[in-house]
Amino acid sequence: MPTAQRARHGGDLVVESLTALGASTVFGLPGQHALGAFDALRRSGLTYVGLRVENNAGFAADAFARVTGTVAPLLVSTGPGALMTLAALQESAAASAPVLAIGSQVPTAGLGGGRKGYLHELVDQKASFRDIVKSVHTVRTASQIPSAVAAAWASALEAPAGPVWLEIPQDVLLAPVSVPPVTSLRAEPRPLPPRPELTAEAARLLSAAERPVILAGGGVVRAGARQELRALAEALDAPVTTTFGGKGAFPWDHPLSLQSWLEDAHTTEFLEDADVLLVVGSGLGELSSNYHTFRPRGRLVQIEADLGKLESNHPALGIHADAREALAALAEAVTPRPPGTAGTAARAAAGLLTRVRERIDAQGLELEQRVLGAVRDALPDDSPSFWDMTILSYWAWSAFDPRAGALHSAQGAGGLGYGFPAALGAAAADPGRPVLAVSGDGGAMYSIAELATAHQYRLPVTWLIVDDGGYGILREYMTDTFGEATATELSRPDFVTLAESFGVPAVRTTPERLRADLAGALAAPGPSVVVLPALLRMFAPTHLDRFADGGPGDGPGPDQGCSEPDPDQG
C-alpha cells in the first residue's frame, strides 16, 4: 500500500501531538516495542537525531532543552533501553532541564505485573523512574495519547522544570486510529509568582542592609532572569557571586561580580559577613556552601522554585517563586542606594578577588591556568561549552568566564560521560554555531560511540580530551586520603587514530599549541577531536580546615574529604 494511503496508528498520535506542541527535534534510539512511534517519526516533519547509546541520547536531549529553554523529546524502547536513560534523566532533574522521555512498553496484557514473558518485560517499569523524574504518565489506549503528551509537556516546563516519563504499550503504538490528525494541543505550565507580602518584607530587609550580597544559582539562568538580577544588584549596590550551575547569570567582569569561587574560604567568609544575603535559584547544597561549611551570620532571603530546596539547609525568609518574577518584583520594590555610597561594594568585590587570586597563585598551578586560558581564548564568545566530570572542568566551575555563551556541566548529578553527547544536542539546536565539549580520557570512553553520531549528522562539535591516563580527580582524592590510589589507572586507545577511524579529524596537541589547535578545530566545519596529554592538578581545598581550629559556626564540622557533587545544580 502506498505510504500516502496507509492507515494512521498510535505512533502517529505521538508524533502529531509533539508537533502540535511545538517540538522540532527528537532524540532517541529505536527498539522493537517503539517501532510504531519511529515509523510515524519518519513520516513527520520533525528532525530526528539518533545516538548510539540511550544514556547519551538522554544527555543530548538535556543539552537541547538547556540551550533552547523548551521541551526536548527523547524516544526510547522498553526495558534495557528505558533503564539506560536513568543516569541522564537524573542529571536533567538536578539541572531542571525539561526533557520529555517517551518510552514504549510491553503489550497492555503485560502491564501490572502480569508476567507474560514478553521481551524486555519488567514488573513495574515506571517504578524505576518515579524517584528521578517530576511525573510519570502511562497510556493504555490510543485516544489517551494526545492528552497524556500535553500533560507531560506541561509538567516538564512548570517551574521548577525537569524531566518527565511517559510510557506507551507496543500494541497501543501500533493500533490503527481513525480520529483526525492532532493539530491543536495546549500545554501551558502554571506560573509561580511570589507572594506580595513576602516580596515586600524581602525588599525591606535588603533596602535596610548595610552589606547586602546576592548568591545567584542555576534558577536565575533557567528563568532567563539575568537582566532582573543585574537591575536589582545595581539598585542595591550588592556584590553578586554565582554558583557553578548559575555561571552566566551575572556579567563576569562587572564591578560587583564576585565570580564563582565558591570553594574558596575567602568567598565563603564574604558571604557569611553579609548582613542580608539574598540566595536566588539555589538550595545552598554541598558545592554552593563550600561543602556545608557556610555559616551565615546575617539574615537570609531565599527565592527558590523547587519547594523541596526552600530552607533545606539554612533558615531563611523563604519565597517559593520563579526567579525572574521574584527578582523583577524586588527590583521595583527596593529603595535604591544613595548615589554617594556607590563604589563601596565594588571595592569590596575587587578585594575579595585579589585575595582569591593570591591564594591560587601561591600554589604553583601555572600549567592549569594556562590550559584553561587557552580554552577560553580559542572558544568564540557566543559558543556554549559542555564539560564532563574531569579536573579541567572543576577548574572551569570556579575560573571560567562563559561570556555570551554558556557553560554547562554534569555537576548536578555528577555522572561521567556527559560532555560530548550533550554538546551534540546543543549543536543539533543550532548547527551554525561551533560547540565545545571537554572530557578526561576516562569520561571520554563513555561516549566514543557518539563519534559516529557526530560524523553522521555533521554536527559542529569540537571535543577536547585531556588525557592523564586515568580517572585523574579520583586519583587525587585517593592519594590525598589514603596515600595511594586504587583502580584509577586506565588503558586507553590512541584517541587521534580512533577518531579518524570514524571519519572525524583529530590532532594531538600540547599546552603551548592548544590555543591555536583548538581555535582551528572550532573554526572548521563538522566535528573534530583535540587530544591534550597532560597531568593537571586541582587547587587546594579550603573546606577541610575551616573549623579544624574550633572556628565559627555551630554543629558538626564538614566532611573530612572531597566528595562528588550532590544534585544541587544551583
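The values are calculated or read from the model by the stated rules, or taken from the named source; none is laboratory data. Everything quoted here is computed from the prediction, not taken from an experiment. So basically every Cβ, Gly included, is an ideal-geometry build from the backbone, and we count neighbours across all protein chains shown. Protein only, heavy atoms only, side chains kept; ligands, DNA and RNA dropped before computing areas. Shrake-Rupley method; radii C 1.70, N 1.55, O 1.52, S 1.80 Å.
If you count Lys pairs in the chain whose Cα atoms are under 23 Å apart, skipping same-chain pairs closer than 8 places in sequence, the total is 4. For the range 285-302, putting each phi into the Karplus relation 6.51 cos²θ - 1.76 cosθ + 1.60 with θ = phi - 60° gives couplings of x, 3, 6, 6, 10, 6, 6, 6, 9, 5, 10, x, 9, x, 7, 10, 10, 10 Hz, in residue order, rounded to whole numbers and with x for Gly and Pro. According to the square roots a ≥ b ≥ c of the eigenvalues of the Cα gyration tensor, what is the shape class of the range 271-364, taking rounded for a/c under 1.5, prolate for a/b larger than b/c otherwise, and oblate for the remainder? The shape class here is oblate. Amide H to amide H, with H built 1.01 Å from N, Asp467 comes under 5 Å of Leu532, Ala534, counting only residues 5 or more places away or on other chains. Under the simplified labelling scheme, the Leu35-Glu512 pair shows an inter-label distance of 5.9 nm, with each label point 7 Å from Cα along Cα→Cβ.
Rounded to the nearest 10 degrees, the inclination of helix 323-333 to the longest alpha-carbon principal axis of the chain is 40 degrees. Here the accessible area of the range 6-83 is 55 percent carbon and sulfur, with a 1.4 angstrom probe and all protein chains present.
Normalising the average separation of contacting C-alpha pairs (under 8 angstrom, six or more residues apart) by the number of residues puts the relative contact order of the chain at 14 percent. Our note on the geometry: Cα centres of the range 324-357 and the range 471-519, 41 Å apart. Taking the charge dipole of the range 205-318 about its Cα centre, with +1 at Lys and Arg Cβ atoms and -1 at Asp and Glu Cβ atoms, the residue from Phe250, Gln227, Ala209 reaching farthest to the positive side is Gln227. Once both axes come from the Cα atoms, what is the angle between helix 196-208 and the longest principal axis of the chain, in degrees from 0 to 90, rounded to 10? Compared with the principal axis, the helix lies near 30 degrees. When peptides 380-393, 347-360, 449-462 are ranked by their average number of other Cβ atoms within 10 Å per residue, the highest-first order is 380-393, 449-462, 347-360. For the range 1-92, what percent of Cα pairs sit more than 18 Å apart? Of all Cα-Cα pairs in the range 1-92, 45 percent lie more than 18 Å apart.
Between the C-alpha center of the range 21-61 and that of the range 236-297 there is a gap of 39 Å. When +1 charges are put on Lys and Arg Cβ atoms and -1 charges on Asp and Glu Cβ atoms, the dipole computed for the chain relative to its Cα centre reaches about 1620 debye. Among bridges DSSP assigns within the range 461-531, what percent are antiparallel (round to 5)? Expressed as a percentage, antiparallel bridges in the range 461-531 total about 10. Think of a 1.4 Å ball rolled over the protein heavy atoms: the chain then has 38 Å² of accessible area per residue. Quick check on the range 215-320: take the gyration tensor over C-alpha atoms, sort the square-rooted eigenvalues as a ≥ b ≥ c, and tell me if it's rounded (a/c under 1.5), prolate or oblate. Verdict is rounded for the range 215-320. Phi angles of the range 103-113 translate, via the Karplus equation with coefficients 6.51, -1.76, 1.60 and θ = phi - 60°, into HN-Hα couplings of x, 7, 9, 5, x, 4, 4, x, 6, x, x Hz per residue; Gly and Pro are given as x.
Helix 514-523 and the long axis of the chain differ in direction by around 40°, with both axes built from C-alpha atoms. Phi angles across the range 118-131 convert, under the Karplus curve 6.51 cos²θ - 1.76 cosθ + 1.60 with θ = phi - 60°, into 3J(HN,Hα) values of 5, 4, 6, 5, 10, 4, 8, 4, 5, 4, 5, 9, 4, 7 Hz, Gly and Pro given as x. Shown are Ser147, Ser17, whose ranking by accessible area with a 1.4 Å probe and every protein chain present, most to least, is Ser147, Ser17.
Hey, of [x] 29.3; [y] 26.2; [z] 27.7, which did the structure itself give for mean projected area of the Cα convex hull in nm² when calculated? Structure-derived value, by its label: [z]. Beta bridges from DSSP with both residues in the chain: antiparallel share about 5 percent, rounded to the nearest 5.
Rounded to the nearest 20, the Cβ-based charge dipole of the range 485-554 about its Cα centre (Lys and Arg +1, Asp and Glu -1) stands at 260 debye.
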